[in-house]
Every structure is written in C-alpha cells, then in structure tokens.
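Here's the structure, in structure tokens; my notes come after.
The values are calculated or read from the model by the stated rules, or taken from the named source; none is laboratory data. What you are looking at is a predicted structure, and each value in this text was computed from that prediction instead of being measured. Here Cβ is always computed from backbone atoms with ideal geometry, including for glycine, and neighbour counts include all displayed protein chains. Heavy atoms of the whole protein, side chains included, go into the accessibility calculation; ligands, DNA and RNA do not. Shrake-Rupley method; radii C 1.70, N 1.55, O 1.52, S 1.80 Å.
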Amino acid sequence: MSGHGTPIPMTSRKCGPLTGVADVPGDKSISHRSLILGAMAMGETRISGLLEGQDVLDTAKAMQAFGAEVDHLGAGEWAVRGVGVGGFAEPENVIDCGNAGTGVRLIMGAMATSPITATFTGDASLRKRPMGRVTDPLALFGAVAVGRKGGRLPMTIVGAAQPVPVRYVVPVPSAQVKSAVLLAGLNAPGKTVVIEKEATRDHTERMLAGFGAEVTVEQTDEGRVITLTGQPELQPQVITVPRDPSSAAFPVCAAIIVEGSDVLIPNIGLNPTRAGLFTTLREMGADLTYENERIEGGEPMADLRARFSAGLHGVEVPPERAASMIDEFPILSVVASFASGKTVMLGVKELRVKECDRIDAMVKGLRANGVTVDETEDTMTVHGMGRDVPGGGVAATFLDHRIAMSFMCLGMASVAPVSVDDAGPIVTSFPIFEPLMTRLGARLERVGA
Ligand code: S3P
C-alpha cells in the first residue's frame, strides 16, 4: 500500500489495572522470511501463525508478482508454492512494499541474482529510507540499481545475469542488510560470506538451514562469519511462526506501568538476538517473569508474566545490547518515563533510519507530554519522573506503528490523556492492538469516530 489512508487520531486515557491473557500476533521478521523462502523453495511450504499485518501482506503480494503461488487458507494459515532458487519471473508491474523496510530490502536481495528487472516503491515513510546499504553489496554480485537521490525509492534493480559470490562485511548493525546479502547469495555459485561485527537477529541464517541450505556460522576475531553455499535446492517446509516479542513488548510494558496490572503473554520467543528489552526491564526492577520456559523449533520460548512494578529505576542500556532490542527503544523510553532517575540508551543511531527518525519522534512526543528527554546523534536519555507523568499532549507518529503504540501505552498511565495524530500505521505490525489492549482494560478512543 503506497498511499496511506485518512489519518486515524487516537487518544489513550488513564485506565484501571490491565489484566488477562494477551495473545499477540506472529513474528513480523519470521513472517516475511517464511513467504520469501517459501517462494524460493521448490514445492509447497505451509505456514501457520503468519502475521497478517499490512507489511507482510505486501510481501505476499510481491511473491505472487515474482511468480510464486500464494494462497490464504484461513486465519494465519498460508500456502506458498515456490519457484525454486533462480526461478523468479520478472514482475509485470511496480512492486509496492508499503511501509515495510524489511520487505523491500529482503526482496531486493532475493531477486538481485536473477536475470530480471524489478522496480520497487513504498509509502511516504519507506520512500525516505536509505536503500544504498542494500544496493551497495548487491552491486558486488553484479546487480545494478537506479533510484532517486540518496538511494531512495522508487528504485529499479537489474538483477545480475551471471552473479558472482561475495564476501561482505556489513558496515552497520542490520539484519536486513545481512539477510539481503544472504538471499542474493542463494543464486550465486560458490560461497557467499557475510561478516557482522555485532550480532543481529539471526532468523535468516536459522531458516536458510531449515530450508536445507548449507550455512555455517562461526564467531571469529572479525565478528560473526556466516558462510552460505550458493544454488541449493531449497526444500519446502511446514512453518509455525512464533509470536512476536516486539509486539509482546507493548502489553508487557503497559502492564508494568499501569497500577494493579497482571498480564500473561503466552508463547513468546526469547531468542537472545531479540530479547534485549526483557533483560533491560528486569534490570530496571520490573516484575517480569518467564513461565513455562522451553525450547520449541530450536528457539527458547516462555510465557511472559508482567505485573505492575512500583519502584522502577533508570538504567544505562549498553551499546552492545542495542541490536537485540532495536525496535523496542520507543516503548522502553515510555517505561523509563515512569522510573526514578535517568535511563541512558547508548549506541542507538540506527533508530534514526527506521520507519521514521525514532529518536526525534520520541523526543518530540515525550516532551509534548511533560517528560524531559535529551538526545545526541547516537543516544537518547529519558529523565524518569516516577509515577506522575503529566501527559496531556499530542504526539506525531510520522507513519510509524511503534511510535503510535508507544504513546498509546504512555496514556494508559499518565495523569492526563495522550493522543496521537495517526494510529493508522499500527496495522502494519499489530492489527489487533486496539481490541487486544481494550480487552485487557485499556481506554483507547478513535477521535472523531
Ligand atoms: C528486521 C531488522 C531490523 C528491525 C526490523 C526488522 C528484520 O532492521 O528494525 O523491524 O526482520 O530483519 P535493521 O536490519 O535495519 O536493523
């Protein structure tokens, strides 16, 4: 969806205790990868628990445009009949990835080593985001990219007709860049090597191995070295998508700041490359426990139980933890507002190139609601107020779902209500946010509805 619809202003008011069970939707990262790898496998992949958020639906449509058959069988149930590695057809029309940076970057990687040309676009947020971080390494395979100034969408990629394997040190901590290179490496002969200095979410490596590719991961002095042997025949899979820890973050954090709350969030993956927020919350003194800890599909899982936590205190979040909670800093900054003392978030520069500049958006929105926040290019510091966060302001969400959800959580515990100018983007990752939070006890209201 490139055009964003009419804005949906929303207000969140101080509520009574949040209680009950929060069944959050499927993991966005794993959902995108399930569709893309399913389309690159030979035969039918079955997916259950797919996140049916707009970002992922846009990826499903894109896979159809590249020639895969994609069928929606029922709630969360999907079948993808793949065309095999190197089997992508040339799309007849422009690929619109809507709001999804993950979608567009992974798909660019997946098609860049096939002899086809595709043009990509997205909504106003995605058209501002840098694509050079992906097209630079794709050029090493032999792909050519032509986009707008600054490597912005719309952009055309001419896939390499005779791709060569690549050795690439990822210059920014980004799972999207790492994944784009690995997906491109699938159709290059020989071994493609990707090196990341800091570990980022590792779903692509794990899933590639699950689909039958030869992938090795080694920790060396250079960093994590991932080696993929090109041109495998990927085997179709039966995939159960785990629930999204980045979506779980919202009911978890809301329960922690709303007095009297006690919420159970079942079946959440605790892959260490994704679980940094939960570690941080516990360091801040949050009453967050892991129940029924287990290993499922090779991943650590637990039911999270979050209870209201009086006496939260600020902490310093070390830079080496940033990648494991990169999508959770907006909601952490909300929790930090209710803590005593400062919470200092270090090494968070990547927040500036998300769906919006998330440091700027949180600083502006928190200040509008009476919270003192400082920023540098690479850090954000929230001066916690203890219990009495004034609220009463309107935050701009800049087409960013996580900014919208974060401010709705702020309003659940602040003295005066908090509003956002547009809650519309929430559908990209957490389409049931409003009914789910309302069922737990939140008071959300669509303004003018
Ligand atoms: C994602 C990687 C992260 C994250 C995004 C999902 C992925 O982006 O912010 O929501 O699925 O690979 P970067 O790789 O740009 O850090």
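Listed by position, the strands (runs of 3 or more DSSP E) enclosed by the range 333-449 that each have at least 2 residues that are in contact (Cβ under 8 Å) with a residue 60 or more places away in the chain and within 25 Å of Leu126 (Cα to Cα) are 418-420.
Among the criteria (1) more than 16 Å from the ligand (Cβ to nearest atom); (2) outside the structural domain of Ala396 (by TED's automatic domain parsing); (3) crowded, with 20+ Cβ neighbours inside 10 Å, the one Cys15 does not fulfil is (2). Within 15 Å of the ligand (Cβ to nearest atom), more than 25 Å from Pro425 (Cα to Cα), under 18 Å from the mean Cα position of the chain (by Cα) and not hydroxyl-bearing (Ser, Thr, Tyr), is that true of Lys128? Judged against the criteria, Lys128 is not a match.
For the range 219-244, residues that are closer than 27 Å to Leu410 by Cβ and open to solvent by less than 10 Å² (accessible area, probe 1.4 Å) total 1.
Of the residues contained in the range 279-292, one or more are found to be in the same structural domain as Val335 (by TED's automatic domain parsing), within 22 Å of the chain's Cα centre (by Cα), crowded, with 18+ Cβ neighbours inside 10 Å and not in a strand (DSSP E or B). Mind checking whether some residue in the range 406-413 is open to solvent by 30 Å² or more (accessible area, probe 1.4 Å) and assigned by TED's automatic domain parsing to the domain that holds Arg282? No, the range 406-413 contains no residue that is open to solvent by 30 Å² or more (accessible area, probe 1.4 Å) and assigned by TED's automatic domain parsing to the domain that holds Arg282.
Every residue, every condition in (1) open to solvent by 30 Å² or more (accessible area, probe 1.4 Å); (2) within 16 Å of the ligand (Cβ to nearest atom), yes or no:
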residue: Leu37; (1), (2): no, yes
residue: Thr45; (1), (2): no, no
residue: Glu52; (1), (2): yes, no
residue: Ala60; (1), (2): no, yes
residue: Gly74; (1), (2): no, no
residue: Val94; (1), (2): yes, no
residue: Gly98; (1), (2): no, yes
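Selection of the range 356-380 for residues being open to solvent by 20 Å² or more (accessible area, probe 1.4 Å) and in contact with a Lys or Arg (Cβ under 7 Å, 6 or more places away or on another chain) yields Glu377, Asp378.
Annotation: Ser179 fulfils all but one of (1) in the same structural domain as Arg46 (by TED's automatic domain parsing); (2) part of a loop (DSSP other than H, G, I, E, B); the unmet one is (2).
Taken together, the residues in the range 183-198 that are within 14 Å of the ligand (Cβ to nearest atom), buried (at least 24 other Cβ atoms within 10 Å of the Cβ) and either touching a residue at least 60 places away in the same chain (Cβ under 8 Å) or outside the structural domain of Ser34 (by TED's automatic domain parsing) (or both) amount to 1. Per the listing Pro319, Pro390, the residue uniquely within 16 Å of the ligand (Cβ to nearest atom) and either surrounded by fewer than 17 Cβ atoms within 10 Å (Cβ to Cβ) or over 29 Å from Met207 (Cβ atoms) (or both) is Pro319.
Checking Glu205 against (1) within 14 Å of the ligand (Cβ to nearest atom); (2) at pLDDT 95 or above; (3) closer than 30 Å to Thr397 by Cβ; (4) not basic (Lys, Arg), which single condition isn't satisfied? Here Glu205 clears every test but (3). Under the condition of being open to solvent by less than 10 Å² (accessible area, probe 1.4 Å) and either within 16 Å of the ligand (Cβ to nearest atom) or part of a helix (DSSP H, G or I) (or both), the residues counted in the range 100-118 number 11. How many residues, within the range 227-245, are closer than 23 Å to Gly109 by Cα and not hydroxyl-bearing (Ser, Thr, Tyr)? Of the residues in that region, 11 qualify. The residues of the range 225-264 that are away from the ligand (no atom under 16 Å from the Cβ), in a loop (DSSP other than H, G, I, E, B) and not charged (D, E, K, R), listed by number, are Gly230, Gln231, Pro232, Leu234, Gln235, Pro236, Gln237, Val258, Gly260, Ser261.
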